[in-house]
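Engineer: I'd like to ask some things about the structure below.
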Amino acid sequence: MKIAVAKGDGIGPEIMDAVLRIFDAAKVPLEYTFVDMGKWVFDKGFSNGMTPEAKHTIEDLGILFKGPMETPKGKGVKSVNVTARKTWNTYANKRVFQTLHGVDTVFSKAGIPIDITIVRENIEDTYGGIEHMLTQDVALSRRFITRPGSLQVIKYAFEMAKKNGARRITCGHKANIMKLTDGLFLECFQEVAKEYPELRSDDIIVDDLAMKLVVRPQDFDVVVLTNLQGDIISDLCAGLVGGLGFAPSANIGDHIAIFEAVHGTAPDIAGKNIANPTALLLSGISMLRHLGLMENAAIVENALLYTLEQGVHTGDFGDKNTPALNTTAFAEVIIGNFGKTPEHMARPLLPNAPVTQTAFKLSRNEMMVSEETQQEIIVGVDMFIESSGQPEFIAKKCQRHAGVKFNLINISNRGTQVWPTGSVYTNLVNQYNVRFESIDGSPLTQQDVLGLYVSLSGDFRICSSELLNMWGERKGYSLAQGQ
Ligand code: NAD
């Protein structure tokens, strides 16, 4: 079977060479097609960090094993790592954090075992990178959370939890504050949970989760989160098991999967042959399992675990009183330990499944859309305007534009209501959200809203606007703080 391999930047080539050397020695039945991705590809003028040939190869083969890649700074280009995950819709980012014997941490010293799998939504959230300056002082980021996108990753997490016999599956969220976005994610989690009554499922507010993961990490098993929260919580979990050098990552989609380490290109140690290849090796092992190469995966993982148990280490971890090995020597010790069984967490030698090329050509991508149960109606509009005036002054002007179809409901500044009631202690910036609703809740048309827009633009610069929609009794917008 062929897979695409991109060595990456910085320490990427060193750790990838070490891992492929281990795979070759373990007679892993894979052929590698090397593809051009990373900083040097940006530098050659390819604005998305990969050549068209690389894109074709990855789409043909369906599997990308990649080293870390650097995003050139200050050139306005997007991270090739994020582009790859989004372009190929690898919607679930699975990161497994397990106690590794020989890697000392506060928890291993206290005899507290850690075995946590974070499933992070990988496409949506603030990672859309959709940002605008509304005024010179005010930046806005759009955070997309969708029902189909949330269902995809949550279903993946439940299936994985069931297959692995998980004790518990937990949804981390901030739905107490972000009632519509995180609220939607949590609602999807609760819907899917009903289909898996055999699994213990629950939810937790993400800040509480962060605290509990540090205090009692052994209580958690599978945790599913939105993109940014998942990013932060997974680095916290990396810290629990010894740092980024031990954090593997699998980006799973329906057609294409990407395997990489969580850490970056480590420019401070690049080219010195001292980087720790463990995280990339663990990512490679999870790729072997994904491909059904169970026996190869177990042989390599047992050798790695045995090596760590013996106290063999690179410079970034382990006993400072024993000499650190360089990347190549560390890989050679692992190869020398093939066939040895670690004392802890030994993996059973299950047979390899027949290897088949998993990718297939998509001619078009179907729209992911939920069944429409109720028609939306427009009941108002939020106008985001630039002004350095005081709330009373803005209200007076805005009321003149409300006409016969709209009521001026409230004005907020940075999400806090400042009119009709508010506090003089609320600090103001030069951008207000002025909320107009229809008189008596009667439905409005887009033309009504445009009429208001034109009228209001005579007095204010309108930076942005959002329709206020209702689906039956359900409001499609949040209230301002204090409203
Ligand atoms: P980093 O992970 O590269 O380095 C953080 C620290 O950890 C450094 O001190 C580094 O020496 C150390 N470190 C990381 N991996 C190590 C390893 N395998 N062995 C030993 N020590 C290791 O994070 P950074 O410095 O914030 O980022 C550097 C670059 O990597 C940036 O350009 C960033 O965009 C990129 N990056 C890429 C990915 C990816 O490809 N998925 C992920 C994160 C960062």
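Engineer: I need a count of the residues in the range 154-183 that are aliphatic (A, V, I, L, M), in contact (Cβ under 8 Å) with a residue 40 or more places away in the chain and touching a Gly at 6+ places or on another chain (Cβ under 9 Å).
Structural biologist: 1
Engineer: I'm trying to understand the selection: among the residues of the range 429-451, which are within 26 Å of F144 (Cβ to Cβ) and surrounded by 15 or more Cβ atoms within 10 Å (Cβ to Cβ)?
Structural biologist: Q431, Y432, N433, V434, R435, F436, E437, L444, V449, listed by residue number.
Engineer: Taking the conditions exactly as written (on the phi < 0 side of the Ramachandran plot and small (G, A, S)), does G292 satisfy them or not?
Structural biologist: no
Engineer: Going by the conditions given, is D235 assigned by TED's automatic domain parsing to the domain that holds L308 and near the ligand (Cβ under 9 Å from one of its atoms)? Reasoning before the result, please.
Structural biologist: Numbers: assigned by TED's automatic domain parsing to the domain that holds L308: yes; near the ligand (Cβ under 9 Å from one of its atoms): no.
The answer is no for D235.
Engineer: If you don't mind, there's one more thing I want to ask. One residue is enough: does the range 219-226 have a residue meeting the conditions within 11 Å of the ligand (Cβ to nearest atom), assigned by TED's automatic domain parsing to the domain that holds G62 and surrounded by fewer than 22 Cβ atoms within 10 Å (Cβ to Cβ)?
Structural biologist: No, the range 219-226 has no match at all.
Engineer: I'm checking my understanding of the structure. Among residues of the range 284-298 that are in contact (Cβ under 8 Å) with a residue 40 or more places away in the chain, assigned to a helix (DSSP H, G or I) and open to solvent by less than 10 Å² (accessible area, probe 1.4 Å), which one is nearest to I258 (Cα to Cα)?
Structural biologist: In this case the residue turns out to be M287.
Engineer: Looking at V206, V138, which is the one that is open to solvent by less than 40 Å² (accessible area, probe 1.4 Å) and more than 30 Å from H290 (Cα to Cα)? It would help to see each step written out before you state the result.
Structural biologist: Values: V206 fails: more than 30 Å from H290 (Cα to Cα).
Result of the check over V206, V138: V138.
Engineer: Looking at the structure I just gave you, is P342 outside the structural domain of G102 (by TED's automatic domain parsing), open to solvent by less than 20 Å² (accessible area, probe 1.4 Å), more than 24 Å from the chain's Cα centre (by Cα) and not basic (K, R)?
Structural biologist: Yes.
Engineer: Of all residues in the range 369-380, which are open to solvent by less than 90 Å² (accessible area, probe 1.4 Å) and part of a loop (DSSP other than H, G, I, E, B)? Can you show your working first?
Structural biologist: We begin by selecting, within the range 369-380, every residue open to solvent by less than 90 Å² (accessible area, probe 1.4 Å); these are 370, 376-380.
Hit for the range 369-380 is S370, nothing else.
Engineer: Restricting attention to the range 381-417, which residues are in a strand (DSSP E or B) and open to solvent by 20 Å² or more (accessible area, probe 1.4 Å)?
Structural biologist: Answer for the range 381-417, where residues must be in a strand (DSSP E or B) and open to solvent by 20 Å² or more (accessible area, probe 1.4 Å): F384, E386, N407, L408, I409, T416.
Engineer: Next question. Suppose the filter is in the same structural domain as L281 (by TED's automatic domain parsing), within 16 Å of the ligand (Cβ to nearest atom), surrounded by fewer than 17 Cβ atoms within 10 Å (Cβ to Cβ) and modelled with pLDDT of 90 or more; does N321 pass it?
Structural biologist: no
Engineer: Being polar (S, T, N, Q) and in a loop (DSSP other than H, G, I, E, B) is the filter; apply it to the range 67-90 and report the residue that is surrounded by the fewest Cβ atoms within 10 Å (Cβ to Cβ).
Structural biologist: Among those that are polar (S, T, N, Q) and in a loop (DSSP other than H, G, I, E, B), it is S79.
Engineer: Can you work out which of the residues in the range 39-66 that are of a type in the set (K, R) and within 11 Å of the ligand (Cβ to nearest atom) is surrounded by the most Cβ atoms within 10 Å (Cβ to Cβ)? Full working, then the answer.
Structural biologist: Taking the range 39-66 as the starting set, the residues that turn out to be of a type in the set (K, R) are 39, 44, 55, 66.
In the following step, the residues that additionally are within 11 Å of the ligand (Cβ to nearest atom) were identified as 39, 66.
Working: K39: 19, K66: 26.
Filtering first and then ranking leaves K66.
Engineer: Are any of the residues in the range 256-269 surrounded by fewer than 16 Cβ atoms within 10 Å (Cβ to Cβ) and within 16 Å of the ligand (Cβ to nearest atom)?
Structural biologist: Of all residues in the range 256-269, those surrounded by fewer than 16 Cβ atoms within 10 Å (Cβ to Cβ) come to 267-268.
Next, only the ones that are within 16 Å of the ligand (Cβ to nearest atom) stay: 267-268.
Yes, the conditions are met somewhere in the range 256-269.
Engineer: Considering every residue within the range 428-437, establish whether at least one is within 30 Å of A257 (Cβ to Cβ) and either among the small types (G, A, S) or outside any helix (DSSP H, G or I) (or both). Write out each step before concluding.
Structural biologist: Of all residues in the range 428-437, those within 30 Å of A257 (Cβ to Cβ) come to none.
For the range 428-437, residues within 30 Å of A257 (Cβ to Cβ) and either among the small types (G, A, S) or outside any helix (DSSP H, G or I) (or both): absent.
The values are calculated or read from the model by the stated rules, or taken from the named source; none is laboratory data. Every value quoted in this text rests on a predicted model; they were computed, and no experiment measured them. FYI the Cβ positions are ideal-geometry reconstructions off the backbone, even for glycines, and counts take in every protein chain you see. Side chains are part of the model used for accessible areas, which takes the heavy atoms of the whole protein and leaves out ligands, DNA and RNA. Shrake-Rupley method; radii C 1.70, N 1.55, O 1.52, S 1.80 Å.
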